[in-house]
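Structure first, then comments.
The values are calculated or read from the model by the stated rules, or taken from the named source; none is laboratory data. These numbers come from a predicted model, not from an experiment. Cβ atoms come from the backbone with ideal geometry, glycine included; neighbour counts cover every protein chain shown.
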Amino acid sequence: MKSKQRDILGTLFTQAIRAADPETALAKHLPAPPKGRTIVIGAGKGAAQLGAAFESLWQQPLAGTIVTRYGYATPCKSITVIEASHPVPDHAGLNATKALFETVKNLDPDDLVVALISGGGSALLPSPPEGLTFDDDVALNQVLLASGAPISAMNAIRKQLSKIKGGRLAAACAPARVVSLIVSDVPGDDPAQVASGPTVPDTTDRADALAAIKAYNIALPANIMAYLENAPEDAPSPDNPAFIRNEVHVIASAARSLEAAAAHCQSIGLQAVILSDAIEGESREIAKMHAAIARQTLHNNRPFSAPVVLLSGGETTVTLRGEKWGKGGRNSEFALAFALEIEGSKGITALAADTDGIDGSQDNAGAFVDGTTTARLRALGHDPVDYLSRNDAYSALAHAGDLFMTGPTGTNVNDFRAILIDPRPQ
């Protein structure tokens, strides 16, 4: 279903992606060439594109290894690119983790390690500690994904149950200097949270992980819980001497991408408001909040005056309900829940999409919806409420013809939401 409103929102998404372009972002943060070797490591859904961009900008010899999601690889000249599974780890990821450690073996103080990190690295880098198995790592990831816990809580747990996360990969690079260049997909842009921080330690410890499990009622398998309660050591802390010469730079983020979208709105004569770049919470509940603001603006010109575009980012979550569920990611679920809340409203059109181009494990980036979406579904014999109750937003929005398809974008700054409120006749 095409419309002028959807064209505007699609253009805003394009502007947001351009603001996170790997080569543009990297060019501003290149480190000084080292006396020794340049080694490039990386992980994430946008890591291969970062690697190719870095090669085009770097004037010295280099070598390295990067891990990305299946279908996200970009050819590199001197960097080996390995594909692995996301969001559920596979053995290719396990082997890729080993390859990263091999890449940083036997480095010298004069060597430079450039770490190119983007979202998605947590699943791409399975590395269970001694006493746990690869199957345990897969089970852990599945439980966390279904828990509805925020990314900060999931990462606090992951870091204590891994040989690579929580700064451990950077520690393995010592005595070389590590410069981490990070595309942030997490609310608040804490670099230690992106991909569970393989090259960036933080202050969370085992006690924080156990507190997160309790706070979010996460039912870990008994053997994993037992390991966590009796782990021989915590992830390294930021004051560890191995990190003393390291640097960390966030080179792209949701905030910058939303600002680019807002600037484009202004250039075409539309008011734009950035609600937040760090929204967390249950997707369907966040949808209700956004819809309430949109309806109030449409009908009462408050808290904003229409026409206006509301922009937001962050990382919502989906709690899987029941024993069986359908297809969809957090942006599709947001879109379907939002459509139910604005049913029948004329003058509200929304786009919710993942900036990496893939929403969850499906082939869509997200979806467009408007006040006609749910009525069109019912006219086709589909109950949108039933689809939402089964976490099957993808199927519902596919029936409606409202899916937003982009393919991999080459970057990842998390959720992008744009809501156009315009009561004027079109």
(message) Condition check: more than 28 Å from the chain's Cα centre (by Cα) and basic (Lys, Arg). Does ARG424 satisfy that?
(response) yes
(message) I'm told ASN106 meets every condition in (1) in contact (Cβ under 8 Å) with a residue 24 or more places away in the chain; (2) more than 24 Å from GLY357 (Cβ to Cβ) except one. Can you identify the failing condition by its number?
(response) (1)
(request) Could you grab me the full set of residues in the range 229-249 that are more than 22 Å from SER162 (Cβ to Cβ) and assigned to a strand (DSSP E or B)? (result) GLU247, HIS249
(request) For residues that are buried (at least 17 other Cβ atoms within 10 Å of the Cβ) and of a type in the set (Asp, Glu), tally how many sit in the range 344-391. (result) 4
(message) Can you confirm whether GLY407 is in a loop (DSSP other than H, G, I, E, B) and without any contact (Cβ under 8 Å) to a residue 12 or more places away in the chain?
(response) no
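Could you list, in sequence order, the residues of the range 340-354 that are in a loop (DSSP other than H, G, I, E, B) and in contact with a Leu (Cβ under 9 Å, 6 or more places away or on another chain)?
ILE342, SER345, LYS346, GLY347, listed by residue number.
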(message) Please go through (1) within 24 Å of SER253 (Cβ to Cβ); (2) not in a strand (DSSP E or B) for LEU181 and return the number of the only condition it doesn't satisfy.
(response) (2)
(message) Given the criterion more than 26 Å from ALA215 (Cα to Cα), hydrophobic (A, V, I, L, M, F, W, C) and in a helix (DSSP H, G or I), identify the matching residue among LEU107, LEU140, LEU100.
(response) LEU100
(message) Suppose we filter ALA48, ALA115 for residues that are among the small types (Gly, Ala, Ser) and in a helix (DSSP H, G or I); which single one remains?
(response) ALA48
(message) Any residue in the range 223-241 that is more than 15 Å from LEU140 (Cα to Cα) sitting within a Cβ distance under 6 Å of a residue that is acidic (Asp, Glu) and surrounded by 11 or more Cβ atoms within 10 Å (Cβ to Cβ)? List the pairs, counting only those 6 or more apart or interchain.
(response) ASP234/ASP205
(message) Take the residues in the range 255-288 that are touching a Gly at 6+ places or on another chain (Cβ under 8 Å) and of a type in the set (A, V, I, L, M); name whichever of them is surrounded by the fewest Cβ atoms within 10 Å (Cβ to Cβ).
(response) ALA278
(request) Considering each residue of the range 66-84, count those that are at pLDDT 95 or above, small (Gly, Ala, Ser), within 21 Å of ASP359 (Cβ to Cβ) and surrounded by fewer than 20 Cβ atoms within 10 Å (Cβ to Cβ), and give that number. (result) 0
(request) State whether the residues of the range 127-141 include one that is in contact with a strand residue (DSSP E or B) (Cβ under 7 Å, 6 or more places away or on another chain), modelled with pLDDT of 90 or more and under 17 Å from GLY197 (Cα atoms). (result) no
(request) Kindly provide the set of residues from the range 307-320 that are modelled with pLDDT under 95 and either polar (S, T, N, Q) or surrounded by fewer than 19 Cβ atoms within 10 Å (Cβ to Cβ) (or both), ordered by number. (result) THR316, THR317, THR319, LEU320
(message) Can you find a residue that is out of contact with any Phe, Trp or Tyr (no Cβ under 9 Å at 6 or more places or on another chain), outside any loop (DSSP other than H, G, I, E, B) and touching a residue at least 60 places away in the same chain (Cβ under 8 Å) anywhere in the range 357-371?
(response) yes
(message) Suppose we filter LEU169, LEU124 for residues that are under 26 Å from VAL40 (Cα atoms) and either under 16 Å from the mean Cα position of the chain (by Cα) or not assigned by TED's automatic domain parsing to the domain that holds THR80 (or both); which single one remains?
(response) LEU124
